[in-house]
Structure formats: structure tokens, C-alpha cells
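Below is one structure, written out as C-alpha cells; the observations come after it.
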Amino acid sequence: MNAVDQGDVSYTIENGIATVEFHHPLSNSLPGKVLAKLANTITELGTNDDALVIIVRSEGERAFCAGASFDELVAIDDLEVGKVFFSGFANVINACRKCPKLIIGRVQGKAVGGGVGLAASFDYTLATKHAAVKLSELAVGIGPFVVGPAVERKIGLSAMSQLAIDATEWQTAEWARAKGLYADIFDTAAEMDAAISTLANKLKNSNPEAMRLLKQVFWRGTDDWDTLLAERAAMSGQLVLSDFTKNAINSFKKK
């Protein structure tokens, strides 16, 4: 099966806690199909009365998310296709932003590009000490245009700029916690999961209306993101058509 056609998203709801899990055999990368289902799942759970709080996680014990699917990127051959692909990331970010339920992120390992954007889009993100971060987009001829607003909102322009410019360098989980991307980090996934369970069980017993209003406060000033992220998707969609970017992505894939 082609890598673009692989991967999926599933969810469970137990005692008011919804757990969403995405997976892909290539380090939990995100082809368009997975992005669309992830955005739709978060949106649907936002209106599901059985889900009082949402946890988003990826499969496995290693990478949290490798970001965009390189196989899909190099296959983009016109602007509209490029805009649609990068809009997939925009749709996930906007789904998190608009969801009236608080979203806890679980980051067990490294996050790259769109994976950093995901971690920044959750309302409260916990991670392990292995959850280093990197915005690699500039290194492959693009730029973190779509995820940039979410990352900047979470860690500030200075830290986001550092990630965007040092596109080949990993920043540690400790760095990400210090900048505010992670609320806390843990030595093991088991310790992280225990903390997530404790928090989720507290939140499910909190006033749903208070949590909804609190989330509106958190995301104040982002009402233009439907338009902003669409514009950013068009920027990335244009860049990915260039020979420079296609050559850079192919070289990156060979490493």
C-alpha cells in the first residue's frame, strides 16, 4: 500500500473522557487523509455530549509525529492541490481552536513540523523527556507558515523564530517546557499517562460551561484564523511547486 494511503484515526469514549489516536507507519506522519479524519473527529467530539474532555495521542512508543507526508508533498503538481494539502493542517488547528471541550495533548516522543503545530494547538500538553521538537520546513524549501500562528501563540515569536530559523536543529523537551509548549515533562510514558489520567478525571467533573468559556478566553484574538491559515496554506502550496523545494524534499528523504 502506498504510504499516502496508510494511517488512520480512531477514538474511544470512557466515563466522559474521549481519547483520539492517530497513527502512520512512517513515524506517525500526516498524509491528507489522516489530517482530514483527525480534524473531523475533533470537531465531532466537540458536539458529543458523552465527551467531556478530549485526549489526543499518537500510536506507539517512539515518535509523536513526523509532520507532513513527504511522499504526498513531492507528488503535488499544481497550486490547488498544494493548498488543499496544507489546508489539512489548518483544519486540524482550527478544529482544536473551535472545539468547546478542553483538549489534552500526549506527546511521547519527537515532534517535527506539523507535529509541533499539533502540540501547540492542544490546550494543555504533557510530554516525556524524549519529546524533542524541530520545525524543519525551511530545510526542505518551505517554511512553517500554517503551523506558525499556533506555535507563536504558545511559545512567543522569539522562540518560534528560533525553531523556524534553526530548521535542522532539535530543541529538547526541557527547552519546550521552558518556552511553554509543554506544561510538564516526565521521565517515562507511564508517569505521563498517570498525570494525564489524573487531569482528565478532574476536568470531566468540572463545569462544562465554565470550561467552554475558559477556552474562549484562551483563544481570544484568533477569530481570523480561518482566513489567516488559508492564506498561509496557499503560501506553502506555491512554494512546494518549485524545483528548489522538490529537490530539497527528495534529498531529505534519502537521508
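Values in this text are rule-based calculations from the coordinates and carry no lab data. The shown structure was predicted, so the numbers you read here are calculated from the model rather than taken from an experiment. Note that we place each Cβ from the backbone using ideal geometry, even for glycine, and neighbour counts take in every protein chain shown.
Give me the distance in nm between label points sitting 7 Å out from Cα along the Cα-to-Cβ direction at E174 and V81, one decimal.
4.5
So if I place +1 on the C-beta of Lys and Arg and -1 on the C-beta of Asp and Glu, and nothing else carries charge, what would the dipole magnitude of the chain be about its Cα centre? I want it in debye, nearest 20.
460
Roughly how many nanometres apart are two label points built 7 Å out from the Cα toward the Cβ at T188 and T47?
4.2
Add -39500 (n - 2.57) for each DSSP H run of 4 or more in the chain, then divide by its residues: what number comes out at 222 nm, to the nearest 500 deg cm²/dmol?
-15500 deg cm²/dmol, from helical runs alone.
Putting +1 on Lys and Arg Cβ atoms and -1 on Asp and Glu Cβ atoms, find which of P208, L181, T245 reaches farthest to the positive end of the dipole of the stretch 167-255.
T245
Cα to Cα, under 24 Å, and not fewer than 8 places away if on the same chain: which lysines meet these conditions relative to K215?
The reachable lysines, counting only those whose Cα sits under 24 Å from K215, are K37, K98, K101, K154, K179, K202, K204.
Read through the labelled values (i) 114; (ii) 153; (iii) 144 and report the label of the one computed as volume of the Cα convex hull per residue in Å³ from the structure.
(i)
In the Gaussian network model of the chain, springs joining C-alpha atoms below 10 Å, which of S58, S121, S206 carries the largest mean-square fluctuation?
Taking springs between Cα atoms under 10 Å, the residue moving most is S206.
With only Lys, Arg, Asp and Glu charged, each at its Cβ (+1 for the first two, -1 for the last two), find how big the charge dipole of the stretch 111-225 is about the Cα centre; round to the nearest 20 debye.
In total the dipole reaches around 280 debye.
Compute the acute angle (0 to 90°) between the alpha-carbon long axis of helix 79-98 and the principal axis of greatest extent of the alpha-carbon atoms of the chain; round to the nearest 10°.
20
For the chain, modelled as a GNM with alpha-carbon contacts under 10 angstrom, which of I54, I155, I93 fluctuates the most?
I155
Determine the shape class of the stretch 152-255: with a ≥ b ≥ c the square roots of the Cα gyration tensor eigenvalues, call it rounded for a/c under 1.5, and otherwise prolate if a/b is greater than b/c, oblate otherwise.
oblate
For E209 paired with M235, estimate the spin-label separation in nm (one decimal), with each label point 7 Å from Cα along the Cα-to-Cβ line.
4.0
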